[in-house]
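**Q** Right, I'll just put the structure down here and ask away after.
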Amino acid sequence: MTTLYIVRHGETEENVKHILQGHMPGMLTQKGIDQAKEAVEQICSIAFDVCLCSDLQRCVDTSKILLEKLPDVPVVYTKLLRERDWGSITGVVVDKEKGIEMPDDVESLPAIRSRAKSFLEFVKSRYDNKNVLVVSHGFMLRILQAVYHNVNHKEITSMTNAEIRILKI
């Protein structure tokens, strides 16, 4: 059995400002750095075989902090773990009360679910019976969990920054 320790990146400047980051790099806040350092204490005793990480900077930065006490864990960066591509509304500030209209160039839910399925298949084929640290993004991790549990993503509680959840596949 493979165990995935999924972690959302630490808080970013863009999170604070309610900006749709999508494929933007994102910059960790001091709070985000501290969140990642706190998460280290929860995982530093685990013998990880690999860290699979989104190639976007906010996840790269979070993974470096998470692995400070685990320097021998190899890191594989993958686009499969990227956040949803928000297309032309990338960088837009979202008013949580009013929401936002989705233009046609936003990555569709079926497309992001397909990416999540591909990621899980990749893990099963490459990392069977391993402990895998996964560093990704809020919406992507929500979709990943929905695919894993075979439910609608709205049934999955959003992860807080640097929160850790465990999936066994």
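**Q** For segment 1-22: of the residues being touching a Phe, Trp or Tyr at 6+ places or on another chain (Cβ under 8 Å) and not polar (S, T, N, Q), which is farthest from residue 95 (Cα to Cα)?
**A** Of everything passing the filter in segment 1-22, 5 is farthest from residue 95 (Cα to Cα).
**Q** How about segment 76-106: which of its residues are in contact (Cβ under 8 Å) with a residue 24 or more places away in the chain and either hydroxyl-bearing (Ser, Thr, Tyr) or in contact with a helix residue (DSSP H, G or I) (Cβ under 8 Å, 6 or more places away or on another chain) (or both)? Please lay out each step first, then the result.
**A** Going through segment 76-106, the residues in contact (Cβ under 8 Å) with a residue 24 or more places away in the chain turn out to be 76-87, 89-96, 100.
The answer is 77, 78, 80, 81, 82, 83, 84, 90, 100.
**Q** Within segment 77-108, work out how many residues are assigned to a loop (DSSP other than H, G, I, E, B) and either of a type outside the set (A, V, I, L, M, F, W, C) or under 12 Å from the mean Cα position of the chain (by Cα) (or both).
**A** The initial filter retains those residues of segment 77-108 that are assigned to a loop (DSSP other than H, G, I, E, B), namely 82-86, 90-92, 94-108.
Checking which are either of a type outside the set (A, V, I, L, M, F, W, C) or under 12 Å from the mean Cα position of the chain (by Cα) (or both) leaves us with 82-85, 90-91, 95-99, 101, 103-105, 107-108.
Of the residues in segment 77-108, 17 are assigned to a loop (DSSP other than H, G, I, E, B) and either of a type outside the set (A, V, I, L, M, F, W, C) or under 12 Å from the mean Cα position of the chain (by Cα) (or both).
**Q** Against the condition assigned to a loop (DSSP other than H, G, I, E, B) and either surrounded by 11 or more Cβ atoms within 10 Å (Cβ to Cβ) or of a type outside the set (A, V, I, L, M) (or both), how does residue 143 come out, does it pass?
**A** Numbers: assigned to a loop (DSSP other than H, G, I, E, B): no; either surrounded by 11 or more Cβ atoms within 10 Å (Cβ to Cβ) or of a type outside the set (A, V, I, L, M) (or both): yes.
In short, no.
**Q** Continuing with this model, one more query. Would you list the helices (runs of 4 or more DSSP H) that sit entirely within segment 1-76 and hold 3 or more residues that are of a type outside the set (Gly, Ala, Ser) and under 27 Å from residue 148 (Cα atoms)? I'd like the intermediate steps shown before the answer.
**A** Working: elements: 13-16, 30-43, 57-66.
Answer list for segment 1-76: 30-43, 57-66.
**Q** May I pose another question? Could you check residue 120 against (1) part of a strand (DSSP E or B); (2) surrounded by fewer than 20 Cβ atoms within 10 Å (Cβ to Cβ) and say which number it fails?
**A** (1)
**Q** Same structure again: So if I check each of 56, 52, which one is closer than 14 Å to residue 132 by Cα, surrounded by 13 or more Cβ atoms within 10 Å (Cβ to Cβ), of a type in the set (A, V, I, L, M, F, W, C) and in contact with a Leu (Cβ under 9 Å, 6 or more places away or on another chain)?
**A** Details: 56 fails: closer than 14 Å to residue 132 by Cα.
The match here is 52.
**Q** List the residue pairs whose Cβ atoms are under 7 Å apart, where the first residue sits in segment 127-153 and is touching a residue at least 60 places away in the same chain (Cβ under 8 Å), the second is surrounded by 18 or more Cβ atoms within 10 Å (Cβ to Cβ) and acidic (Asp, Glu), and the two are 6 or more positions apart or on different chains.
**A** 137/83; 140/83
**Q** Can you name the number of the only condition in (1) surrounded by fewer than 16 Cβ atoms within 10 Å (Cβ to Cβ); (2) hydrophobic (A, V, I, L, M, F, W, C); (3) in contact with a Leu (Cβ under 7 Å, 6 or more places away or on another chain) that residue 93 fails?
**A** (3)
We did not get these values from a lab; they are worked out from the coordinates using the rules stated. This one's a predicted model, so the numbers in the text were calculated from it and none came from an experiment. Neighbour counts run over all protein chains shown; Cβ positions are idealised from the backbone, glycine included.
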